[in-house]
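The values are calculated or read from the model by the stated rules, or taken from the named source; none is laboratory data. Only a predicted model underlies this, so the values are computations on that prediction, with no experimental measurement involved. Counting neighbours? That spans all protein chains shown, and the Cβs are built from the backbone with ideal geometry, glycine included.
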Amino acid sequence: MATLKTANGHGKYFDDAAKQDVINYIMDESKTPSRFIGGVGVDTNNIAGSMAAVSEQYGKSNGVQLRHFIISFSPGEVKNIDTINEIAKEAVLFLGREYQTVYAVHENSDHPHINIVTNSVSYVDGHRYYVNAETVFAVSMISDLTTARIGRTTQKRRQ
């Protein structure tokens, strides 16, 4: 059953290196052999730098630097990795309406999963992103609807 969770624990992602560290982790080539990666609103050659530039532009370089979501799937739940990539694209398009957002599909385990990183500062108007039930529900619904298109409709929501 697919699971959505946030990886932002208490005290995580406050330091200046957070954006670069998490981007390096999710984009690790050993975890993404098919290179199913993408993003919205970022310079793909300098993802962390473009996110930092937006935060600086709005005077919000302090505090939580990013939001990190993970959508994971049980072995055999999704027919193929291409479908997981489609789920990732749709989630990123939703979050990317206001926030710079990137994703990578990790295939290096028995449980394929999507890592999504969102800048905590909106490129539209500079407001901060705070994880709330509405967004978690919306991303879960995107996963549900995309999964339903391929014949699987089970989704477990967790925050």
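Things worth noting here:
- Breaking point among (1) at pLDDT 80 or above; (2) under 25 Å from Asp28 (Cα atoms); (3) surrounded by 13 or more Cβ atoms within 10 Å (Cβ to Cβ), for Ser109: (3)
- Cross-chain or 6+ apart pairs with Cβ under 8 Å, segment 56-71 first and at positive phi, then modelled with pLDDT under 90 and not in a strand (DSSP E or B): Gly63/Phe14
Yes/no matrix, rows are residues, columns are (1) closer than 11 Å to Ala104 by Cβ; (2) of a type outside the set (Ser, Thr, Tyr); (3) over 14 Å from the mean Cα position of the chain (by Cα):
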residue: Leu4; (1), (2), (3): no, yes, no
residue: His10; (1), (2), (3): no, yes, yes
residue: Val22; (1), (2), (3): yes, yes, no
residue: Lys31; (1), (2), (3): yes, yes, yes
residue: Phe36; (1), (2), (3): yes, yes, no
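- Inter-residue pairs, beta-carbon under 6 Å, first surrounded by 15 or more Cβ atoms within 10 Å (Cβ to Cβ) and in segment 7-20, second among the β-branched types (Val, Ile, Thr), 6+ apart: Ala7/Ile70; Tyr13/Val64
- Ser72 at pLDDT 95 or above and buried (at least 17 other Cβ atoms within 10 Å of the Cβ): no
- Residues in segment 111-132 that are without any contact (Cβ under 8 Å) to a residue 60 or more places away in the chain, over 16 Å from Gly41 (Cβ atoms) and not in a loop (DSSP other than H, G, I, E, B): His113, Ile114.
- Residue ID - surrounded by the most Cβ atoms within 10 Å (Cβ to Cβ), chosen from residues in segment 78-98 that are over 11 Å from the mean Cα position of the chain (by Cα) and assigned to a loop (DSSP other than H, G, I, E, B): Val78
- Looking only at residues in segment 22-37 that are touching a Phe, Trp or Tyr at 6+ places or on another chain (Cβ under 9 Å) and not aliphatic (A, V, I, L, M), the one that is surrounded by the most Cβ atoms within 10 Å (Cβ to Cβ) is Phe36.
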